[in-house]
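Down below is the structure, laid out as structure tokens.
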Amino acid sequence: MFVLGVDPGLSRCGYGLVGRRADGSPAAAAAGVLETDPDVAVHRRLWTLQRELRELLADLRPDVVVVERVFFQVNVRTAMSVGQASGLALAAAAEAGCEVVQYTANEVKQAVVGYGAATKEQVQRMVTSLLGLAAVPRPPDVADALALAACHLTTMPLARAVAAATAAGTAVGTGGRPG
């Protein structure tokens, strides 16, 4: 299974494809950043990003696409462009027939670093260690995208087990409650 993490942004949109090695540990298969020129009109930049996201999905063919959920932004202009880029990534993933998941930055930091308020540098170092990379992924958008993918790979088995247990509890009439 390959998971593509997308750290949405209009100027820089980070991506990271993560799979599993034979021993089950996560491994980066591809990573990079899609960039648009800030001097170009927004509608042209969005069209460029949309095209590049479609091409990326066609080339990498991930099973799951994880897009960072915009939870909070201080700068309204940044929030708008991140929201637009996020929407393009979600739509491109759906168009490609991928399973789509979203996590907030705090959820990713909690899963990857063990601390929801971790710094960018802490995330970069942990992603480097977790994926066995020779160097810290740069720019930080790439590390964030790899962290999104790694987060999903590490939390997915537990989430599926909980869902199965809940369904099993409901199926026997307990509704998942002790009783």
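The values are calculated or read from the model by the stated rules, or taken from the named source; none is laboratory data. This is a predicted model, so every value here is computed, not measured. Note that we place each Cβ from the backbone using ideal geometry, even for glycine, and neighbour counts take in every protein chain shown. Just the protein is used for accessible areas: all its heavy atoms, side chains included, with ligands, DNA and RNA removed. Shrake-Rupley method; radii C 1.70, N 1.55, O 1.52, S 1.80 Å.
Before moving on, here are some points about what is shown:
- Accessible heavy-atom area order of LYS120, LYS109, highest first, probe of 1.4 Å: LYS120, LYS109
- The label point for ASN106 and the one for ASP23, both projected 7 Å from the Cα toward the Cβ, are 3.5 nm apart.
- Centroid-to-centroid, using Cα positions, the range 99-133 and the range 19-76 are 16 Å apart.
- Think of each Lys and Arg Cβ as +1 and each Asp and Glu Cβ as -1; about the Cα centre, that makes the dipole of the chain roughly 320 debye.
- Built amide H within the under 5 Å cut-off of ALA30, gap 5+: LEU17
- For the range 46-122, with +1 on Lys and Arg beta carbons and -1 on Asp and Glu, the positive-most of VAL76, ALA96, THR119 along the dipole: VAL76
- Annotation: extensible slack from THR119 through TRP47 equals 22.7 nm (criterion: 0.36 nm per residue apart, minus Cα-Cα distance).
- Whole-Hz ³J(HN,Hα) from phi, Karplus 6.51 cos²θ - 1.76 cosθ + 1.60, for the range 17-23, glycine and proline x: 9, 10, x, 10, 6, 4, 7
- Dipole in debye (nearest 20) - the range 1-58, about Cα centre, beta carbon charges: Lys, Arg +1; Asp, Glu -1: 160
- Spin-label proximity, ARG77 to the range 1-38 - amide N less than 17 Å from point 7 Å beyond Cα toward beta carbon: 9-12, 36-38
- Listed by number, the DSSP H helices of the chain that run 30 Å or longer by alpha-carbon position along their axis and have mean Kyte hydropathy of at least -1.0 are 140-171.
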